[in-house]
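One structure below.
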């Protein structure tokens, strides 16, 4: 065990035993090591280091009761610091993605709106090949978003018959789609 790990471990254990001064000293000394550890890993994001040190210290403080005294302190601290760093990198990546400009030739514009219309037309043509007892419940439920109760009233079918008709109709529709491919 290194001298610094022994010192930090001793300060933490004294702090856990109720010595406030020892615990405050533990946090001060640990912050120096965390800062160095995180700077080495976040060279491209130096502005994030201090915030991450504070988040990590707060997490260590909140989770101090979980420290297993039979295990090395550095392994426990590094695990918490890594989790905090990964969380920060995820947040940072999301922020970067939100501010990334769209190219005019972006893949977003590669598929035209007419493709969705074509797909809808194809599905409606296949749906028209189903008997009314299956087509109408599927149309009402899946295309119009109506409830089973509403569909039962409109079609004069029982609620369970509506569910069965939708299930059987979707199976038949899947077969029609497969055959059309």
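Here residue 84 fulfils each of the conditions (1) without any contact (Cβ under 8 Å) to a residue 40 or more places away in the chain; (2) surrounded by fewer than 18 Cβ atoms within 10 Å (Cβ to Cβ) apart from (2).
Those residues that are assigned to a loop (DSSP other than H, G, I, E, B), free of Cβ contacts under 8 Å to residues at least 24 places away in the same chain and over 26 Å from residue 122 (Cβ atoms), I need them from region 136-158; list them, please.
Residues satisfying the conditions are 147, 156, 158.
The helices (runs of 4 or more DSSP H) found wholly in region 1-64 and carrying at least 3 residues that are at pLDDT 90 or above and under 15 Å from residue 89 (Cα atoms) occupy 49-62. Number of residues in region 119-132 that are modelled with pLDDT of 85 or more and surrounded by 15 or more Cβ atoms within 10 Å (Cβ to Cβ): the value is 3. For region 65-81, a residue qualifies if it is assigned to a helix (DSSP H, G or I) and either farther than 14 Å from residue 51 by Cα or at pLDDT below 90 (or both), and the qualifying residues are 65, 66, 73, 74, 75, 76, 77, 78, 79, 80.
The values are calculated or read from the model by the stated rules, or taken from the named source; none is laboratory data. These numbers were taken from a predicted model, which means no experiment stands behind them. All Cβ positions, even for glycine, are placed from backbone atoms using ideal geometry, and neighbour counts span all protein chains on display.
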